[in-house]
Amino acid sequence: MDRSAFVTKLCVALERPPGSLTERTPLHSESLDSIELLNVIALIDEETGLTVSGDDLKRCRSIGELLNFLEEQQTPREQTG
Amino acid sequence: MTGLGIDLERVARFSGDALGCSPAFLSRVFGERERSAWHGDPAAAALCFTAKEAIAKALGTGLGLKRGPGVPCQDIEVLVDLAAPSITVDLHGAAAVRAASAGARGGLTRCWCDATIAYTVAVLHNGALDERSADARLAGALRDLCSRPGNRSSFERGAT
């Protein structure tokens, strides 16, 4: 997974200015409203084929932790190429 | 009454490049029949979303995607016709199962929208609730909410 590209798309999904999010940005998913949360979940589904829940997002304290979580969930063959 | 849900959204979030218009969001949250019924009107889109959200809250599950927790968005089908005006709701799949297990045999929605805002109140009931008394109770609750001093607060933007 291209982590940098994902962060860029996350900026769009959360209507944040380009470049305003990094892997170190805290992820306060509990402060996202329903449209933002569904947008993030839809983005993750589109980019990785994974389904995550609101509780999964709450366990990730930063965008970097979210990316680590997503990479752990992907099967080994999906991580190559 | 077996469940109650309310949702309110700004119409602007469903127009132009706003969040509610992203292709990934639209294709997963709404079915083709729902999107066709909007005829490009963001107010219809906003109303459709608030109805889904309100019903999901009444079901006690919240909204999710096809897989995973929460009732899949597309299992709550909402057809909005602003010209009529009318709104039609059908529960499928997990939403129908959840409603049945909660003892809900019927439901009603009360919706409103203009160019700025859309909202829906959704009530699920066990079949013993007639619409007139449900409307009277909802209207009474809203009047009470707006009239009692103890229910009010005001705050400045940015205040902690």
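Key figures
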| read-out | value |
| --- | --- |
| Within the range B:11-51, considering residues that are surrounded by 15 or more Cβ atoms within 10 Å (Cβ to Cβ) and part of a loop (DSSP other than H, G, I, E, B), the one farthest from the other protein chains (Cβ to nearest Cβ) | B:Asp41 |
| Hits in the range A:50-60 (condition: at the interface with chain B (Cβ under 10 Å from one of its Cβ atoms) and under 18 Å from A:Arg3 (Cβ atoms)) | A:Leu50, A:Val52, A:Asp56 |
| Yes/no for B:Glu77 being facing chain A (nearest Cβ under 10 Å), assigned to a strand (DSSP E or B) and farther than 23 Å from A:Ile44 by Cα | no |
| Single residue of B:Gly140, B:Gly106, B:Gly127 found to be surrounded by fewer than 16 Cβ atoms within 10 Å (Cβ to Cβ), in contact with a His (Cβ under 9 Å, 6 or more places away or on another chain), without any contact (Cβ under 8 Å) to a residue 40 or more places away in the chain and not basic (Lys, Arg) | B:Gly106 |
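Taken together, the values in this text are just the output of simple stated rules run on the coordinates, not laboratory data. Nothing here was measured: the structure is a model prediction, and the numbers come from that model. Virtual Cβ from ideal backbone geometry, glycine too; neighbours counted across all protein chains shown.
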